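**Q** Here it is: the structure, laid out below.
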Amino acid sequence: MSAVLASGWTDGSSIGYPVLFGGVLLGSIVPVVPTGAVVGAAAAFAITAHELNLVAVLVVATLAAWLGDVVTFAVCRFGGPAAVRWVARGQHADRIEEVREQFRLHGWQIVVAGRLLPAGRIPVLLAAGALAYPWRRLLPASLLAAGLWAVAYALLGVASGGIFDSPLVATLVATLLVLVVGAVLNLAGSRRRRHAEPEPEPDPDDESSPAPCRPA
């Protein structure tokens, strides 16, 4: 995918910005595109090839991510059960319920954190839709979240572009770096959630449970 993006960006903004916008928007609605890798690759190409403007990359990525979140929230709030199930596919019910409880307490802060934390965006948008979170609060919070997200992944691309002079190499390394960082964060998040889950208490009526020790 990085090679395709790099070859497209060689024609400058006429192709680069639409590819960036479409990739981030599509990945924000249907998670089949690694959106962070797209932003990191675009930032690396902007630093090395100078055919894209880094500020414009941030603006385009932010708007695309924001629009994708707005569309997903609209589906979660106004879509029928089938549409909500489609958004929630692969999500654990207990995770969504946990986010819903946090949402009641923290509101817009959870919208921002959900964009930045691995595997947090969909549960947060599902909770926001289920709780009929008001648009006047969601829109600025999701825009802030999208901006911070774009800056975070663009910085990885800038770091790659500062090391390698070749636009293609910098783009490939930035993509790989973003994917590795995302995988590490996902692994850390899954381990944290597993450790946070309470262990089930033994059933006193279950004969298979070990009997409590009694003093002699």
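Any read-out appearing in this document is the output of simple, stated calculations on the displayed coordinates, not a laboratory observation. These numbers were taken from a predicted model, which means no experiment stands behind them. Here Cβ is always computed from backbone atoms with ideal geometry, including for glycine, and neighbour counts include all displayed protein chains.
**Q** If the viscosity is 0.890 mPa s and the temperature 25 °C, what Stokes-Einstein diffusion coefficient in µm²/s follows for the range 45-146 when Rh is the Kirkwood radius over Cα pairs?
**A** 172 µm²/s
**Q** If you count, for each residue, the other Cβ atoms within 10 Å and average over each peptide, how do 121-128, 145-152 line up from highest to lowest?
**A** Descending packing order for the listed peptides: 121-128, 145-152.
**Q** Using the Karplus equation 6.51 cos²θ - 1.76 cosθ + 1.60 (θ = phi - 60°), what ³J(HN,Hα) coupling, rounded to whole Hz, does each residue of the range 72-81 give in order, writing x for Gly and Pro?
**A** Result, ordered by residue: 5, 4, 4, 5, 5, 8, 10, x, x, x Hz.
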